[in-house]
Amino acid sequence: MKVCLVGPVYPYRGGIAHFTSLLAKEFAKDHEISIINFKRLYPSFLFPGKTQFDESGSPLQVESERLIDSMNPFTWILTARAIARRRPDLVVFQWWQPFFAFTYAGVLFFLKLFWKSQVVYLCHNVLPHEASIFDRTLIKIGFTFVNAFLVQSQEDRMNLLRFRKHARVAVNPHPIYDVFKQSYITREEAREKLGIQDRITLFFGYIRPYKGLRVLLEAFAESIERVPSTLLIVGEFYEDQESYISLMEELSIRDKIVLVDRYVPNEEVEIFFTACDIVVLPYLSATQSGIVQIAFGFGKPVIVTGVGGLPDVVEDGVTGYVVPPNDPESLAKAIVHFYSQGDSTTFEENIQAAKDKFSWKRCKGTLVELSGLDAG
């Protein structure tokens, strides 16, 4: 098959770029693959972070053609023509943000004039985490010319069917990110680099309201009374950092927290995940999470809240724990229980046994099957 992926890859940073790159590498094993990338993703005034670009010393690179300007409709026509010239059997668009609804609908409108192929949206989030009425209108526009959809949780399947009642849709869990193991440092070496010799509970990723970090801070304050540990918070703040610092001081836990306020380049990810004992995702809402799959890539158990698709990928008591959302007491009990049992070997073995379920090969196969095309 000829397959064209549309979405951000290097030089852009972040989970969507990594996902698209790894999916492309998997498709390239037995299909002819091409990638249409953005030359402008977000206008700078709409991007809350410090940079949209990957400044890693070892970026995840794949060959792509940078054509799409999200703010320039003329490039949408050029993109459609470029896709048509490749004569693909299958075109897969990465969907994660209604901001791109007009861009994608524009590309697909013109693509229909130039070439007929199966179009699948691979949805990372059908709805954004802080959705508005305007977002819902944009989604209807963005989904206009799509043949089928792949979502990564049952909740997102339900969200999708609210917009496209009779949509052809398949569910495939987010594959594991195992590309961040680069130097294969030991747990002791990682802890030495961080200057931490205590137990380590890790929170990793952008800090936004829906991530529930405030709940974790309250739970951590309760848990360290029974099991002393260090809370390692790693990620760029997308909201006011000072309010979090104030809460840490109010809870008298500031000296038990190591805060790394920045986007972590690829080559440093393994330090934090190798050093930690467990990864906590105290989310108030979610569809799925690449952070769980990074943790599983390092064989680390997770504590997640029972929101969105998180319980679909974490088996309670087997590969981690599932607790109620916005419940510091339950979260604290899970942290204490994990450290009290004192052995994570069983968790690691269970995670290893579950990896086939989260393979990139399975994701590729689901897309091919969903397209209805003969894989050859």
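The values are calculated or read from the model by the stated rules, or taken from the named source; none is laboratory data. Source: prediction; values computed, not measured. All Cβ positions, glycine included, derive from the backbone under ideal geometry; neighbour counts span all protein chains shown.
Given the residues R187, R208, R191, which is the only one that is of a type in the set (K, R) and either in contact with an Asp or Glu (Cβ under 6 Å, 6 or more places away or on another chain) or surrounded by fewer than 17 Cβ atoms within 10 Å (Cβ to Cβ) (or both)?
Working: R208 fails: either in contact with an Asp or Glu (Cβ under 6 Å, 6 or more places away or on another chain) or surrounded by fewer than 17 Cβ atoms within 10 Å (Cβ to Cβ) (or both); R191 fails: either in contact with an Asp or Glu (Cβ under 6 Å, 6 or more places away or on another chain) or surrounded by fewer than 17 Cβ atoms within 10 Å (Cβ to Cβ) (or both).
Going through R187, R208, R191 in turn, just one is of a type in the set (K, R) and either in contact with an Asp or Glu (Cβ under 6 Å, 6 or more places away or on another chain) or surrounded by fewer than 17 Cβ atoms within 10 Å (Cβ to Cβ) (or both): R187.
Scanning for something modelled with pLDDT of 95 or more, within 17 Å of T20 (Cα to Cα) and either assigned to a loop (DSSP other than H, G, I, E, B) or polar (S, T, N, Q) (or both), does the range 64-74 turn up at least one residue?
Among the residues of the range 64-74, at least one is modelled with pLDDT of 95 or more, within 17 Å of T20 (Cα to Cα) and either assigned to a loop (DSSP other than H, G, I, E, B) or polar (S, T, N, Q) (or both), which makes the answer yes.
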### Query
Quick check: anything in the range 205-215 more than 20 Å from the chain's Cα centre (by Cα) and either over 24 Å from L310 (Cβ atoms) or of a type outside the set (F, W, Y) (or both)?
yes
### Query
Taking the range 149-164, which residues are crowded, with 20+ Cβ neighbours inside 10 Å and either within 15 Å of the chain's Cα centre (by Cα) or of a type in the set (A, V, I, L, M, F, W, C) (or both)?
F149, L150, V151, Q152, S153, D156, L160
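For (1) surrounded by fewer than 16 Cβ atoms within 10 Å (Cβ to Cβ); (2) of a type outside the set (D, E, K, R), each residue gets a yes or a no:
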position: I224; (1), (2): no, yes
position: P228; (1), (2): yes, yes
position: E236; (1), (2): no, no
position: E239; (1), (2): yes, no
position: E242; (1), (2): yes, no
position: D255; (1), (2): yes, no
### Query
If S56 satisfies every condition in (1) touching a strand residue (DSSP E or B) at 6+ places or on another chain (Cβ under 9 Å); (2) of a type in the set (G, A, S); (3) in contact (Cβ under 8 Å) with a residue 60 or more places away in the chain but one, which is the exception?
(1)
## Note on the structure
How many residues of the range 34-53 are surrounded by fewer than 22 Cβ atoms within 10 Å (Cβ to Cβ) and either assigned to a loop (DSSP other than H, G, I, E, B) or touching a Lys or Arg at 6+ places or on another chain (Cβ under 8 Å) (or both)? The answer is 11
### Query
In this structure, does Y238 turn out to be modelled with pLDDT under 95 and either of a type in the set (K, R) or touching a Lys or Arg at 6+ places or on another chain (Cβ under 8 Å) (or both)?
yes
### Message
Looking only at the range 97-123, filter to residues that are under 19 Å from the mean Cα position of the chain (by Cα) and surrounded by fewer than 21 Cβ atoms within 10 Å (Cβ to Cβ); which one of those is farthest from T366 (Cα to Cα)?
### Response
F99
### Count - residues of the range 261-272 that are under 17 Å from K211 (Cβ atoms) and buried (at least 21 other Cβ atoms within 10 Å of the Cβ)
1
### Task
Just give me the residues in the range 226-265 being over 28 Å from the mean Cα position of the chain (by Cα) and either farther than 23 Å from A275 by Cβ or not assigned by TED's automatic domain parsing to the domain that holds T305 (or both), in sequence order.
S246, E249, E250, L251, S252
### Message
Can you find a residue that is in contact with a helix residue (DSSP H, G or I) (Cβ under 7 Å, 6 or more places away or on another chain), modelled with pLDDT of 95 or more, polar (S, T, N, Q) and at negative phi anywhere in the range 200-208?
### Response
yes
### Query
If a residue has to be modelled with pLDDT of 95 or more, among the hydroxyl-bearing types (S, T, Y) and out of contact with any Ser or Thr (no Cβ under 7 Å at 6 or more places or on another chain) to count, how many in the range 251-283 make the cut?
2
